[in-house]
Amino acid sequence: IVHCRVGKKSFGAEKLAENVRTLLGALTKAKPSTAKGVYMRSITLSTTMGPGIRIDPASVEQQEA
């Protein structure tokens, strides 16, 4: 489980999206070569106290390729 801050309220949408892509790319690269199966089972983005928004992990993998 990874909890990470990717931006502030003052960031624009493009900057937040770039930070999220960078974080997910770093997590994907950190996958051990011996790890088998699904590496990211779920992704949820939220504000500090807001409800989470689920992101499809398969869509993230497609964008990185």
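The values are calculated or read from the model by the stated rules, or taken from the named source; none is laboratory data. Note that this is a predicted model, so its numbers are computed, not measured. Using ideal geometry, Cβ is built from the backbone for each residue, glycine included, and neighbour counts are taken over all protein chains shown. Remember, those area values only see protein heavy atoms, side chains included, never the ligands or the DNA or RNA. Shrake-Rupley method; radii C 1.70, N 1.55, O 1.52, S 1.80 Å.
Give segment 41-65 a look and list any residue that's part of a loop (DSSP other than H, G, I, E, B) and modelled with pLDDT of 85 or more, or say none.
Step one: list which residues in segment 41-65 are part of a loop (DSSP other than H, G, I, E, B), which gives 41-42, 46-52, 56, 65.
Selection gives ARG41, SER42, SER46, THR47, THR48, MET49, GLY50, PRO51, GLY52, ASP56.
Take segment 11-43 and flag every residue that is open to solvent by 100 Å² or more (accessible area, probe 1.4 Å), without any contact (Cβ under 8 Å) to a residue 24 or more places away in the chain and not β-branched (Val, Ile, Thr).
Of everything in segment 11-43, those that are open to solvent by 100 Å² or more (accessible area, probe 1.4 Å), without any contact (Cβ under 8 Å) to a residue 24 or more places away in the chain and not β-branched (Val, Ile, Thr) turn out to be GLU14, LYS29, SER33, LYS36, ARG41.
Against the definition (exposed (fewer than 13 other Cβ atoms within 10 Å of the Cβ), touching a helix residue (DSSP H, G or I) at 6+ places or on another chain (Cβ under 7 Å), polar (S, T, N, Q) and free of Cβ contacts under 8 Å to residues at least 24 places away in the same chain), how does SER46 come out, yes or no? Step through it out loud before you land on a result.
Values: exposed (fewer than 13 other Cβ atoms within 10 Å of the Cβ): yes; touching a helix residue (DSSP H, G or I) at 6+ places or on another chain (Cβ under 7 Å): no; polar (S, T, N, Q): yes; free of Cβ contacts under 8 Å to residues at least 24 places away in the same chain: yes.
Here the answer is no, as SER46 does not meet what is asked.
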